[in-house]
Every structure is written in structure tokens, then in C-alpha cells.
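Peer 1: What follows is a single structure, and I will ask about it in a moment.
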Amino acid sequence: MSLEYFFHPQSVAIVGASQTSGKVGYEIVKNIRQGDYAGKVFPVNPKADRIADYPCFADLASIGEVPELVIIVVPAKVVLKIMEQCGALGVKAVVVITAGFKEVGPEGKELEDRLVQIARKHNIRVIGPNCLGVMVPAHQLNASFGGELPLPGGIGYISQSGALLAAILDIAKAGDIGFSSLWSIGNKADIDELDIIRALGEDSNTTVIAGYLESINDGNAFVRETEQISHRKPILLMKSGGTSAGSKAASSHTGSLAGGETVYESAFERAGVIRCDSIKTQFDFAQAFAYQPLPPGDRVAVVTNAGGPGIMSADAIERAGLTFAELSEPTRAKLAEQLPAAANIENPIDVLGDALEDRYAYAMDVVMDDPNVDIVLVLLTPQAMTRANETAQAMADILAKRKDKPVLACFLGADFVVDSLEILRRNRIPFYDSPEAAVRTIRAMADYVRWRNRPQRVVKLFPVNRHRVERVIDRHLRRGLREVGEMESKEILEAYGFVTPQGEIATTAEQAANIADQLDYPVVMKIWSPDIVHKSDVGGVRVGIHSRREVMDAFDLMMYRIPKKMPEADILGVLVQEMCRSGQEVILGMNRDAQFGPLMMFGMGGIFVEVLKDVAFHLAPLTADEARRMLMATRTYKMLQGVRGQEGVDIDVIAEALQRLSQLVTEFPAIQEMDINPFMVGPPGTTPIAVDARISVEKPKNP
Ligand code: ADP
Ligand code: MG
């Protein structure tokens, strides 16, 4: 069933309606009345005649028709009984305002489970429990106790916190911000964030979806569906709290670096969801998205009446990675024609401190005509001659005629500009209290446009040897082993096209020396134990060993010292390995998130990964483009390109390795976390080598 009955019910019953002002059961009926809701309203209360001018009913059955929407406000212990009555009557949509469910502990959780059972049995969709209700300004419906109905507008809002929604309503009221609908989803026992986002995606009154979330029920579905919706409408979300995955003890570098925050960031980026870190930022963004066209690109032109703020915005534009528009020759000529000789006709266009509205209007119009400009920021400082109101009106007049490019305003000041801001607001010109806030918004718009224009995602599949991997993993799962040892990790990697160093395990010094002779010098020696995760930490790695004698000494030393340091460790011997030509060390890794699946990592490798933390993340499966972006997001990327006369490395080869790894972890859900560190890369033409690898497996929970 769609959520039509919640958006646009023809009739609403309030069970638990009250005559006592201040009680939730009264406030809701009063709010419905004051909102001028056009449908039928049935307060249900056996002890009252009338509530807020509506005749009352003793129970749902005595209404005589089936209300399309039922709001339940009765105490928690009575809610199930009312739900059964709704079911018997054929009600299809219910909002449970009542608290005292999952949020209060195990007993409440049980009550909530039973509520859901009843709902499923009767095909009832439920919002809540423990919520503020629903507001649909587009249809003058205020089925909530969140206060006055806000103005109608294009923003559809969803909140997992009722209290925060109340604050948002208050801010919206002060700023005349309009909404298509607002949803307090409470405990999300039945209808969850994705149901609402999906419905808002379909809702013709909603142009921007915004919200505050604390958790996401189904990470995979969330990414899949919001990615579709983001192509049609921007989704702006505030998100607090991490995921469950962050808490489990990590045995890989990737696992320890991939916190709950990271995975949400990656999920949002993948889905084109715009993340907002505060209510203010969210409204800053929402107004621009709701009322202005999307910019064709990221080239910003600034029109200002003072040099200082012009420079501030130019700095902010550069810091934000946006392009400072270079005006075309005809534009400059036109500006020179009408503006005073002292005016700056280059970006930022300075119309000078004595500029009246006509100069602003002229400059704005001319700049908007320039094909080199995608977006215009108008700055105003209150100087002696400045006419803020008239300037705001002049901007509105231009935008009434043309809406081809977004225009944002930043009128600095407070008292002097207060009326002009009112004019901007009425005319839906988004305005900001600092050039930085305006630029942040421009950046969000430009990022969104770039995301929408990205080519269709195509994930390349490489020919690999799945059976070989299956065998190794099955063997571990059968024996209940979590850590896959270095040798078997390498077997897995080779099956997916990676090259690993040659080497063998020695159990005596003599044997070690023989292996080294076979491999050719120099060699590397590493302690070999399933219990030692980071070998260097215990003195378990020696590189650049040049002779038989040295090999034998190193063997004896390791076998003597390490068991002393780690008496518990089961030490199987020493790995003697070919030494790779020196190259740059990078790390390729993955951590599987319980909510969102495999999260890939790329970064600066070696033994200081956790210290330097120069890493980038992205959800698998990776496209070639996404893999390349991950590389580019790190500082290591600059080094890989070659610095100080050093030759660069083949970037595409690393990007391909990341894609292969992404394919491996996508095809094997048993792999919980892994990394290749170091992945040693040399100049173009040389083969990169997976020197060290760590893989943990576990029976997948939902294969
Ligand atoms: P761990 O990460 O368990 O300490 P590694 O096998 O990654 O052990 O070795 C630590 C460091 O030693 C690597 O980052 C790399 O610099 C160097 N190293 C290890 N093996 C080789 C090798 N075969 N060739 C060249 N350098 C190596
Ligand atoms: Mg290592």
C-alpha cells in the first residue's frame, strides 16, 4: 500500500482525544481544527460530547464509517486493543503517538512487537509509536502535537526525533520556510525512514527531501533506493550516531580505521545524499535547492559593493574547490560600458560602495548572460548610500523574469538589512549570513550536479578462479578459524589476479638457508604464526638479508626472542621470502559493515597506516571511476604521481587492484575484513606485489 492515507486522508479519527487543554489528546484535535483541515474529523472519547467543536464518539465502531487515518493517543497498555479495533473495522493507516514502547526497555519492546504483529495481520500501516505525528501543509492537515502548521512549500521533512522536529518547526516559523509534509517517525516499528523517503520521492508537492536520522534500518536498501531518488530530487540528511559494526574488535588495519561515521559518509556519497552537519546548514542548503534552479556547473561569479567581502568569498570559493568564473570578453565590455571607471569589471565584480539598485541589477543581468558563469553570488554591505530594500527588490525583479541560473544573496549586517532580507525571503532568493555559508551551499549544489551527471555506474568483472577461494574459505569455516594465514591469504589473492612474493616456511635454520639459496639474495624473513597479527611489532620481520650466515642467525634470533615476548603464540616457523624491489607502499583493504556491506579502503601503506591515517573509503562494488576517485582523495596520490624527481607509478594498475579486491569481497560474503599491506607498486611497466595480506572470515549472517 502506498502512504496515500497518511498524505491525504478524507477522514481522521483521534482515539484518546481529550477535553483537557495541554493534554496531547486535546492538542492534536485542536491542531487539526486550527489547520483548517477539510476532511471529516472524529474525536473518540466515551466521556466527552464535543472536543474543539467536533462531536465526539464513544469508540471507533460507533463513528459509522471507516476513518482513513486513525491517530492513537491512548496509554501504551490500551494501544493494542485499539489496534485490534482498527483491524476489525478495516482501518489501513494508523499513527501511534503514545510512548512507552521499545524506547523504555524489554517490556516495551515486547509490546511493540505485538503491535507490529497486529498491524501485519490486518494490513495496517503504522507510523510510530513514540512520535509527534504527521503534518501535511499541502493539505492543511496537522495530525500532530508539534504546534502550528508551517507554511506550505517544497521541503518534505522526516525526523527520527520528535524534539528535534519541534525545534525545526520553530526555526521554520521564524524564517517562513515552507514544507510539503513533515513526518515524525518515532520508533519506526513499521513505517521506516526509507518508506517515507520513497513516498516523498513520489510526492509531487515535494521538491527537496530533508531529514534527521539516528539509524538506518536496512543499509543496502537505503543506498539502492536513495540512489534512484537522488537523481530526481536532492536528499539532505543530518545523521547522528555510528553503526554496530564499529564496536567489534578489528584485526585488520581497515577494520580499525573504518568507523561508523566513515561508512555513513560513503553510503551517502554513493547514493548522492547530501549530508548536513547542523540544522542551520540543512536549511541553508534546503532553501537553495528548493527555490533555485540547479547550476549547470561550478563556476561562480560574485557581485559586490565592497572589496573585503569580495575577497572573502573568493577565498572561500577556492577553498571549497569551486571555480572562480572567468568573465568573457563581451561581459567585461558590457560591464565597462555602464559601470563607473573605478568599478572592478573582473570577478569579483565590484560595483563600488555608492552603488544603488540599478548598478546591482545591471551587473547581475550581464553576469547571468555570461556563458562562463554557472552561479551568481550577490554580496551587499550596508554603506552610507546603500539601498538594501531596493536592491533586494531589483534582484527579485530580475529573477521573476529569468530562472536560468541560481542566484544566492549575502547581505552583511543585521539591523540595517533586516527589511531587505524579508524582501529576499518573500521572493524566495536564498540568503546567507556570511560569504562562507553561501559558498558552502554553492558547493553542495555543485557536488550534487556533478553526482547527477556522473556516467552510469558500470562495475567491471574480472575473470578469476572462484573455486580456489571457495576451497580455502570453506576449510576455515568448517574448522571455525577466523584468521586466514599469510600463505592461504596469498592463495586467495592469486586466484583474483594478484602477484605475491615467492617464499616458503622453514622450521630449522638450515632449511631457512636452503630456501634462501633457492630464492636468491637478498631475502626477507618473517615469523610465521597464526597468533601474530602485526609481525613487525614483535620484531618478526627482517628485510635485506644477504647471506646464508645471516639467514641462519636471523632464524635463531627470532625463534629465541619472539616466544619469550609472546609465550601464548603458536609459532610454526619462519617464512623466507623473496625481497621485492623497493617501491611505494600502499594499503588496499575492506571492512564489512553489518548495515552497508563491504567498505573498501585505499591509502598510504606500510607499518604507519594507523598513525598517518591517509586513507579513503568507498562502498563496494567499485567502478573504475570510483576506484580512481579513492586514490585521488588521499595525499598519497600526489606521491604516487612522482615527486622530487622520482618517477610516478601506474595509477590505473592500483585502481584495477582495488576493483579486483572489491569483486573478491562482493563474491565472498564470508570475508569480514581484510587488507593487503603493503601493496608494493613500482614505476609503469613493473608488476605491483601484494607483499603482506590479512583476511578474516566468518559464516555470513544473511548470505
Ligand atoms: P607486518 O605488517 O605484519 O608487520 P609485513 O609483511 O607487512 O609485516 O612487513 C612489514 C614491512 O616490511 C612492510 O611494510 C615492508 O616495508 C617490508 N617488507 C616485508 N616484506 C617485504 C618483501 N618481501 N620485500 C620488501 N619489503 C618487505
Ligand atoms: Mg603488513
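The values are calculated or read from the model by the stated rules, or taken from the named source; none is laboratory data. Just so we're clear, the structure is a prediction, and the values are computed from it rather than from any experiment. Note that we place each Cβ from the backbone using ideal geometry, even for glycine, and neighbour counts take in every protein chain shown. Ligands, DNA and RNA are excluded from the accessible area calculation, which covers all protein heavy atoms including side chains. Shrake-Rupley method; radii C 1.70, N 1.55, O 1.52, S 1.80 Å.
Peer 1: Please list, in order along the range 489-504, the HN-Hα scalar couplings obtained from phi with the Karplus expression 6.51 cos²θ - 1.76 cosθ + 1.60 (θ = phi - 60°), rounded to whole Hz, x for Gly and Pro.
Peer 2: Karplus values, whole Hz, x for Gly and Pro: 4, 5, 4, 4, 5, 4, 5, 9, x, 8, 9, 10, x, 6, x, 8.
Peer 1: Cross-link candidates for residue 638: which aspartates and glutamates have Cα within less than 20 Å, leaving aside residues fewer than 8 places away along the same chain?
Peer 2: 318, 585, 610, 614, 625, 626, 647, 650, 652, 656
Peer 1: For residue 291, what accessible area in Å² do you get when you roll a 1.4 Å probe over the heavy atoms of the protein chains, rounding to the nearest 10?
Peer 2: 50
Peer 1: On the protein heavy atoms, probe 1.4 angstrom, tell me the percent of accessible surface of the chain carried by carbon and sulfur.
Peer 2: Exposed carbon and sulfur together represent 50 percent of the surface.
Peer 1: A follow-up question, please. Students often forget the sequence filter, so: which lysines lie under 21 Å Cα-Cα from residue 701 once same-chain residues fewer than 8 apart are removed?
Peer 2: 248
Peer 1: Roughly how many whole Å is it from the C-alpha centroid of the range 648-691 to that of the range 96-143?
Peer 2: Here the answer is 47 Å between Cα centres.
Peer 1: Sticking with this one: Evaluate Rg over Rh across the chain, taking Cα atoms for both radii and Kirkwood's formula for Rh.
Peer 2: 1.08
Peer 1: Looking at this model, which pairs from 102/613; 239/613; 334/403; 535/699; 40/109 are more than 32 angstrom apart at the alpha-carbon?
Peer 2: Among 102/613; 239/613; 334/403; 535/699; 40/109, the Cα-Cα distance tops 32 Å for 102/613; 40/109.
Peer 1: Quick one: ranking 319, 660, 548 by accessible area, 1.4 Å probe, largest first, what do you get?
Peer 2: Most to least solvent-accessible, the answer reads 319, 548, 660.
Peer 1: For the range 191-220 and the range 480-514, compute the distance between their C-alpha centroids and round to whole Å.
Peer 2: Using only Cα atoms to place each centre, the spacing works out to 48 Å.
Peer 1: Once amide H atoms are built 1.01 Å from N in the peptide plane, which residues 5 or more positions from residue 188, or in another chain, come under 5 Å H to H?
Peer 2: For residue 188, whose amide H was placed from the backbone, the distant partners under 5 Å are 128.
Peer 1: Percent relative contact order of the chain, based on C-alpha pairs within less than 8 angstrom and at least six residues apart?
Peer 2: 9
Peer 1: Roughly speaking, what is the centre-to-centre gap between the range 536-573 and the range 368-412 when only Cα atoms are used, to the nearest Å?
Peer 2: First find each Cα centre; the distance between them is then 71 Å.
Peer 1: Apply the Karplus curve 6.51 cos²θ - 1.76 cosθ + 1.60, θ = phi - 60°, to the phi angles in the range 129-143 and return the couplings in whole Hz, x for Gly and Pro.
Peer 2: Per-residue couplings from phi come out as x, 6, 9, 8, x, 10, 10, 10, x, 4, 10, 6, 9, 10, 8 Hz.
Peer 1: In addition: FRET efficiency for residue 653 and residue 568, Cβ-Cβ distance as r, R0 = 51 Å, nearest 0.05?
Peer 2: 0.80
Peer 1: I need the phi-derived Karplus couplings for the range 152-168: 6.51 cos²θ - 1.76 cosθ + 1.60, θ = phi - 60°, integer Hz, Gly and Pro marked x.
Peer 2: Karplus-based 3J(HN,Hα) across the range 152-168 equals x, x, x, 8, x, 10, 10, 9, 8, 10, x, 4, 5, 4, 4, 5, 5 Hz.
Peer 1: Turning to a different aspect of this structure: Pull up the cross-link candidates among the aspartates and glutamates for residue 565, meaning alpha carbon to alpha carbon under 16 Å and not fewer than 8 places away within one chain.
Peer 2: Partners within reach: 531, 537, 556.
Peer 1: Sort the following peptides by mean Cβ neighbour count (other Cβ atoms within 10 Å, averaged over residues), highest first: 479-486, 9-16.
Peer 2: Descending packing order for the listed peptides: 9-16, 479-486.
Peer 1: Just from its helices, what would the mean residue ellipticity at 222 nm be for the chain, if runs of 4 or more DSSP H residues each count -39500 (n - 2.57) and the sum is divided by every residue, rounded to the nearest 500 deg cm²/dmol?
Peer 2: -12000 deg cm²/dmol
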